[in-house]
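Novice: Below you will find the structure I want to go over with you.
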Amino acid sequence: MIFKVLVLIAIICLASATESDVLVFTDDDFSSSINEHDTVLVMFYAPWCGHCKKLKPEFEKAAGIVKVNDPPIMFAKVDCTDAGKETCNQFGVAGYPTLKIFKNGEVNKEYGGPRDADGIVKYMKSQVGPSSKELSSKGVHKDFLGKPEVGVVGYFEGDSSLKNTFFKLADKLREKVRFGHVLDKDTLEEAAYKDNIVLYRPKHLHNKFEPDFVVYDGEANKDDLEKWINSNFHGLVGHRTRDAAQDFKNPLIVAYYGVDYTRNPKGTNYWRNRILKVAKGFADDFNFAVSAKDDFQHELNEFGYDYVPGDKPVIFGRNADAQKFVMKDEFSIENFEKFLNELKDGKLEPYMKSEPIPEDNSAPVKIAVAKNFDEIVTDNGKDTLIEFYAPWCGHCKKLAPVFDELGEKMAGEDVAIVKMDASNNDVPAPYEVRGFPTLYWAPKDDKAHPLKYDGGRDLDDFIKYIAQHTTSELKGYDRKGKAKKEEL
């Protein structure tokens with residue numbers, strides 16, 4: 001019993017210590033308190049906000065890490081529904097949570113980084129101090145290289161054009177890349193680099209298929225140096241996280257499995273090494289990555305997988321045209337190599353997420369699915385208004401009867417009214433759907449360049465738009481959308 005009480009007290013103390021790392025500012029003390037710290041990340045929040053509740057533990061965890069940073073970074077929060085209303089209004093807070101970086105008491109910038117603790121820490125560390133850390137001794141140099149992230153180090157004995165280029169690029173890329181530089185004579189001699197730049201890969205990503213570090217051999221040109229860093233940053237098979245997903249470009253092959261370098265680095269590298277072994281032979285054809293399956297469930301869904309059973313990776317790929325491909329065989333080195341060869345040679349059929357083609361598509365509003373999109377939209381020979389919707393979308397449900405009536409009004413015209421469930425079908429290029437409903441007007445003679453419809457959602461709004469934009473004048477309406485009188 002006593003043991004349980006002690007454990008409970010320890011948990012409470014730990015929680016309190018974590019939460020106390022975040023300062024609490026109100027209208028009464030914001031101006032004075034913010035000025036006491038060089039750099040502060042402030043979260044403006046509302047207690048009832050779901051996104052705020054999700055961010056809170058990550059924010060507190062990050063706060064405990066960066067408060068001992070050199071220089072220190074403080075985290076603070078302001079309750080916009082209670083004692084911080086005036087402060088939130090003063091800084092134009094319109095949604096929750098809103099995060100702003102303050103330096104020397106003034107707003108420096110909107111926070112534009114990740115929302116997980118590790119990502120917040122990395123982003124905020126890049127906001128303080130010099131863009132490149134001076135590695136002033138052998139010990140500091142060793143500690144810098146021992147961190148679990150990529151490091152780019154410049155070794156400079158004196159002034160040079162390469163040194164100037166290095167520092168300019170460090171200022172530009174400080175939010176993404178960790179830079180360090182060595183001027184110390186003893187460290188330069190130990191490292192055996194002078195007027196050189198070296199990219200070091202973190203120890204947990206070391207493998208026998210590629211070097212642990214890469215030495216820059218280009219000119220003192222900022223663009224060239226940036227390209228070199230970007231091309232080498234993630235290595236042959238990079239660890240693709242949610243925050244770094246945009247770094248990996250098509251054609252891209254991703255292995256999804258239980259990637260976890262914190263709790264299971266050995267198991268993670270067991271499968272990554274097998275990916276590496278095969279990827280080495282296709283480095284000129286594809287980019288490669290490993291991703292945690294739990295972090296990319298939305299991508300698994302895009303390839304027709306509700307979940308990944310077992311420990312073995314599943315392999316999905318996209319070619320240069322963003323077409324999707326699935327390795328259907330169970331993962332093995334032999335099956336993986338076969339998949340890549342067939343993909344390279346153009347022997348695989350792209351995967352297409354699609355509902356079945358409707359057996360009856362005779363209603364005024366035609367139904368498009370991925371498998372019949374070309375027939376219903378691209379090659380229909382008509383001007384086309386298409387709605388991309390989701391069945392659960394409230395705005396889509398409200399629009400449905402209006403769209404059905406529009407279909408009836410356009411019956412007999414050289415115009416097609418089409419709808420597509422974009423949550424259950426792949427949306428082809430050049431259409432882009434980032435919210436529901438999204439509507440496009442596709443002229444019959446230029447289907448490659450559809451126009452996004454941003455007009456009103458009433459029946460008359462649609463009719464006027466169609467009447468003005470249709471290739472040939474409508475039979476039942478003039479160009480202004482007014483109904484024509486029937487001839488007797």
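The values are calculated or read from the model by the stated rules, or taken from the named source; none is laboratory data. From a predicted model like this one, the values you see are computed outputs, not experimental measurements. A quick note on method: Cβ atoms are made from the backbone with ideal geometry, for glycine too, and the neighbour counts reach across all protein chains shown. Just so you know, the surface numbers come from the protein's heavy atoms only, side chains and all, with ligands and any DNA or RNA stripped out. Shrake-Rupley method; radii C 1.70, N 1.55, O 1.52, S 1.80 Å.
Novice: Write down the accessible area per residue of segment 182-272 in Å², having rolled a 1.4 Å probe over the full set of protein chains.
Specialist: 53 Å²
Novice: In whole percent, what relative contact order does segment 303-402 give with Cα contacts below 8 Å and a gap of six or more residues?
Specialist: Averaging sequence separation for qualifying contacts and normalising by length gives 16 percent for segment 303-402.
Novice: Please give the calculated 222 nm ellipticity per residue for the chain, where each DSSP H segment of at least 4 residues contributes -39500 (n - 2.57) and the sum is spread over every residue; nearest 500 deg cm²/dmol?
Specialist: Rounded to the nearest 500, it is -9500 deg cm²/dmol.
Novice: Moving on to the next point. If you line up the Cα atoms of segment 357-473 on their principal axes, what length do they span on each, largest first, in Å?
Specialist: In descending order, the Cα extents are 35, 28, 28 Å.
Novice: Return the ratio Rg/(2.2 N^0.38 Å) for segment 227-297, where Rg is computed over Cα atoms only.
Specialist: The reported ratio for this selection is 1.06.
Novice: So what is the relative contact order of segment 255-304, in percent, for Cα pairs below 8 Å that sit 6 or more residues apart?
Specialist: After rounding, I find 55 percent.
Novice: Stretched out fully, how many nm does the piece from S332 to A320 gain, at 0.36 nm a residue minus the Cα gap?
Specialist: Gain on stretching S332 to A320: 1.9 nm.
Novice: Express the relative contact order of segment 132-246 as a whole percentage, based on alpha carbon pairs under 8 Å and six or more residues apart in sequence.
Specialist: 31 percent
Novice: Same structure again: Probe of 1.4 angstrom, ligands and nucleic acids ignored: what's the accessible area per residue over segment 343-452, in square angstrom?
Specialist: For segment 343-452, the solvent-accessible area averages 53 Å² per residue.
Novice: Hey, got the Cα dimensions of segment 286-444 along the principal axes, in Å, largest first?
Specialist: Extents along the principal axes, in whole Å: 58, 33, 27.
Novice: Could you tell me how many degrees, from 0 to 90 and to the nearest 10, lie between the Cα long axis of helix 161-173 and the main elongation axis, the longest principal axis, of the Cα atoms of the chain?
Specialist: 60 degrees
Novice: About the Cα centre of the chain, what is the dipole size in debye to 20, counting +1 per Lys and Arg Cβ and -1 per Asp and Glu Cβ, all else neutral?
Specialist: 800 debye
Novice: In segment 315-366, how does Rg compare with the Kirkwood Rh, expressed as the Rg/Rh ratio over alpha carbon atoms?
Specialist: Looking at segment 315-366, the ratio lands at 1.21.
Novice: Still on this structure: In degrees, nearest 10, range 0 to 90: what is the angle between the Cα axis of helix 265-279 and the longest Cα principal axis of the chain?
Specialist: 60 degrees
Novice: Please report Rg (one decimal) and Dmax (integer) in Å for the Cα set of segment 117-228.
Specialist: For segment 117-228, the Cα radius of gyration and maximum Cα-Cα distance read 13.6, 38 Å.
Novice: Report the Cα-based extents of segment 362-402 along its three principal axes, largest first, to the nearest Å.
Specialist: Ordered largest first, segment 362-402 gives principal extents of 31, 20, 17 Å.
Novice: In sequence order, what are the phi-derived ³J(HN,Hα) couplings for segment 71-85 according to the Karplus relation 6.51 cos²θ - 1.76 cosθ + 1.60 with θ = phi - 60°, rounded to whole Hz, with x for glycine and proline?
Specialist: 3J(HN,Hα) across segment 71-85, in whole Hz: x, x, 10, 9, 10, 9, 9, 10, 7, 6, 9, 10, 7, x, 4.
Novice: Per the Debye formula with a single identical scatterer at each Cα and no solvent contribution, what log10 I(q)/I(0) holds for segment 54-169 at q = 0.20, 0.22, 0.23 Å⁻¹?
Specialist: Normalising to I(0) and taking log10 leaves -1.21, -1.38, -1.46.
Novice: Among L135, A245, F288, pick out the residue whose Cα is farthest towards the positive end of the charge dipole of the chain, where Lys and Arg carry +1 and Asp and Glu carry -1 on C-beta, about the Cα centre.
Specialist: Positive-end residue among those listed: L135.
Novice: Can you match volume of the Cα convex hull per residue in Å³ to one of these, (i) 152; (ii) 792; (iii) 241, based on a calculation from the structure here?
Specialist: Only one listed value fits the structure, namely (iii).
Novice: Assuming R0 = 51 Å, what is the FRET efficiency of E299 and K484, from their Cβ-Cβ distance, to the nearest 0.05?
Specialist: After rounding, the FRET efficiency stands at 0.50.
Novice: If you don't mind, there's one more thing I want to ask. May I ask you to give the average projected area over all directions of the convex hull of the Cα atoms of segment 313-399, in nm² rounded to one decimal?
Specialist: 8.8 nm²
Novice: With axes computed from alpha carbons, what is the tilt in degrees of helix 394-409 against the longest principal axis of the chain, rounded to the nearest 10 within 0 to 90?
Specialist: Once rounded, one gets 30 degrees.
Novice: Taking the Cα centre as origin and putting +1 on Lys and Arg beta-carbons and -1 on Asp and Glu beta-carbons, what dipole magnitude results for segment 372-488, to the nearest 20 debye?
Specialist: Computed charge dipole of segment 372-488: roughly 400 debye.
Novice: If I model segment 163-259 as equal point scatterers sitting on the Cα atoms and use the Debye formula, what is log10 I(q)/I(0) at q = 0.13 Å⁻¹?
Specialist: For segment 163-259 at q = 0.13 Å⁻¹, log10 I(q)/I(0) is -0.55.
Novice: Still on this model: Return the inverse of the average 1/r over all pairs of distinct C-alpha atoms in segment 229-373, which is the Kirkwood hydrodynamic radius, in Å to one decimal.
Specialist: 16.4 Å
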